[in-house]
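Here the structure is laid out as structure tokens; the discussion comes afterwards.
The values are calculated or read from the model by the stated rules, or taken from the named source; none is laboratory data. Just so it is clear, the structure is predicted and the values come from calculations on it, not from any experiment. Neighbour counts are summed over all protein chains in view; Cβ atoms, including those assigned to glycine, are modelled from backbone coordinates with ideal geometry. Note: areas computed on protein heavy atoms with side chains; ligands, DNA, RNA excluded. Shrake-Rupley method; radii C 1.70, N 1.55, O 1.52, S 1.80 Å.
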Amino acid sequence: MTRMQRASTVWLCLPALFWAAAAGAQPLTVERAVQIALDRNTQMVLARANVLDAKGGLYGAYSGVLPRVSADLSRAGSNTTAQTGTQLFGTVAIPGPRTDSWSYSTTPQITGQWSILDLSAIRQLSSARSGLKASKLNLEAARSTVALATRQQFYTTVSAHHLASVADAALKLARDNERRVRALFEVGSVSRSDLLSAQVQTANSQLDSLTAHQNVINQRIALAEALALKETEMGEVDTVLTAEPRDFEESTLLGEAAKVRPDLKAADAEMNSARMAVTAARLARLPYITVSGTAQYNPFRTFTQKQIGTFAVPGPDSVDVTGHVVSTFRGFRTDPVSSGRSEADRIVSGSVAVNWDIFNGLTNDSRIASAKARLLRAEDSRNSLFRNLESEVHQALLSYREASERLVVANSAYASALENLKLTQQKYNVGSTTILDLNTAQVNLTRAAANQITALASIRIAEAQLNRVRGHVE
């Protein structure tokens, strides 16, 4: 770093030191801002929610290949009142008595079912696993994107703070010049046009200062929104602004980006998941084998039956004079009650079935069409990322190199403007130049300082963009 760069860095750090001392608390650094954004930013919340959705899809896919076991304990009862009917004895129909009955049963039962060979479910499980991997990689890509956006907004806010300081310094100089020109005008050393020019310069500087301070507020609000905080909760911002330009090899950056960028890996995983989803939808047309079984332990049932009223009972047959058999009946009136109980130690049953959904209302066709549409989107997204990778790296590197060159030029311009102001001040003191020349030199120094601040912020923003493009996850 040259002497002039060190001097400009110290000059830029003075407002930050003053604000930190006035706040009496640790200012918000760019690293801390990135951490807060990664925890609270809406984009990160949505990315984490997508990972949970993918986990839910994976668990649902597991349900198609894992056995299902359920246990239940049932208690059943039935009650029949005043049941009547006719009983048939031989060829004779005899009205039966009115009957009341009731029964109760208790059945502990375990039921299981397992699709032991379902090619569609197995493929769907693989698709869900790849989808979860894609969601996790997209979470890492979101981290990189949020970190970049936070750094950009942070350095924009820092730049706004410094530009406001420059505007305040320019306003102070303009007011001092106006007072000096007014004093010279009163003694007749300058013309009225010089006084009017000084007044215009003061008014313009005041407007620039108001605009700069309003921009500080706007940028702080934008930074607070990126951090998902209230502007009043954010506190002071660390406004130290330095930069050390570095040299990068484009081929190295491109190879690094192709290997480690999480969004590229996520695109590959999503495309693989979509392809397997298409295969799973097609395999759903094939038969699948399921095994099911039921086990009941110590089931028992009790029943009671009560017959009420008069009923006929067949008596001994007799032969009439013609030789025909005559049946006789005897009637009774009684209320007989009968009850019983049935139980078992264990009842086990099982089955193996081959299932084939020959026609299910075009459900398979719907799944295939949806899976193909997902695959088309995934392939286009993946191809677009890889197609634009080289140009994206090249553009980011050009932006960084441009920002580095702008910083060199801005430092040189600031040094020249500062030296010119000193010379012009000396000439003005000995009366060899006019007040307008001195004002012009002061304005040029203000512009050079503003350009230097903008260049420093631009190189930090370009550096953050370059790190994101090369795949450095913050």
Quiz item: What is the residue count in region 169-211 for residues that are open to solvent by 60 Å² or more (accessible area, probe 1.4 Å), under 21 Å from Gln452 (Cβ atoms) and in contact (Cβ under 8 Å) with a residue 40 or more places away in the chain?
Solution: 3
Practice problem: Could you please find all residues in region 110-129 being part of a helix (DSSP H, G or I), open to solvent by 20 Å² or more (accessible area, probe 1.4 Å) and among the hydroxyl-bearing types (Ser, Thr, Tyr)? | Solution: Ser126
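Scanning region 221-233 for residues that are touching a residue at least 40 places away in the same chain (Cβ under 8 Å) and more than 23 Å from Glu463 (Cβ to Cβ), which turns out surrounded by the fewest Cβ atoms within 10 Å (Cβ to Cβ)? Can you show your working first?
Quick first cut of region 221-233, residues touching a residue at least 40 places away in the same chain (Cβ under 8 Å) only: 222-223, 226-229.
Restricting the remaining residues to those that are more than 23 Å from Glu463 (Cβ to Cβ) gives 228-229.
Values: Ala228: 15, Leu229: 17.
Within region 221-233, the match that is surrounded by the fewest Cβ atoms within 10 Å (Cβ to Cβ) is Ala228.
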Quiz item: For region 404-451, how many residues are open to solvent by less than 60 Å² (accessible area, probe 1.4 Å) and under 56 Å from the mean Cα position of the chain (by Cα)?
Solution: 19
Exercise. Please find, within region 368-403, the residue that is most open to solvent (accessible area, probe 1.4 Å) out of those that are within 29 Å of Thr252 (Cβ to Cβ) and among the aliphatic types (A, V, I, L, M).
Key: Leu398
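Just for region 312-366: of the residues that are assigned to a loop (DSSP other than H, G, I, E, B), modelled with pLDDT of 75 or more and open to solvent by 100 Å² or more (accessible area, probe 1.4 Å), which one is farthest from Gly293 (Cα to Cα)?
Keep residues of region 312-366 that are assigned to a loop (DSSP other than H, G, I, E, B), which gives 315-317, 320-324, 327-328, 335-336, 344-345, 356-362.
From what is left, the residues that are modelled with pLDDT of 75 or more are 344-345, 356-362.
Filter once more, keeping what is open to solvent by 100 Å² or more (accessible area, probe 1.4 Å): 345, 356, 358-359, 362.
Working: Asp345: 17, Trp356: 20, Ile358: 25, Phe359: 26, Leu362: 30 Å.
Filtering region 312-366 for residues that are assigned to a loop (DSSP other than H, G, I, E, B), modelled with pLDDT of 75 or more and open to solvent by 100 Å² or more (accessible area, probe 1.4 Å), the one farthest from Gly293 (Cα to Cα) comes out as Leu362.
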Quiz prompt | Residues that are free of Cβ contacts under 8 Å to residues at least 24 places away in the same chain and not in a helix (DSSP H, G or I), drawn from region 34-78 | solution = Ser63
Quiz item: Assuming Tyr155 fulfils every condition listed in (1) farther than 19 Å from Arg32 by Cβ; (2) within 35 Å of the chain's Cα centre (by Cα); (3) open to solvent by less than 70 Å² (accessible area, probe 1.4 Å) apart from one, which condition is it?
Solution: (1)
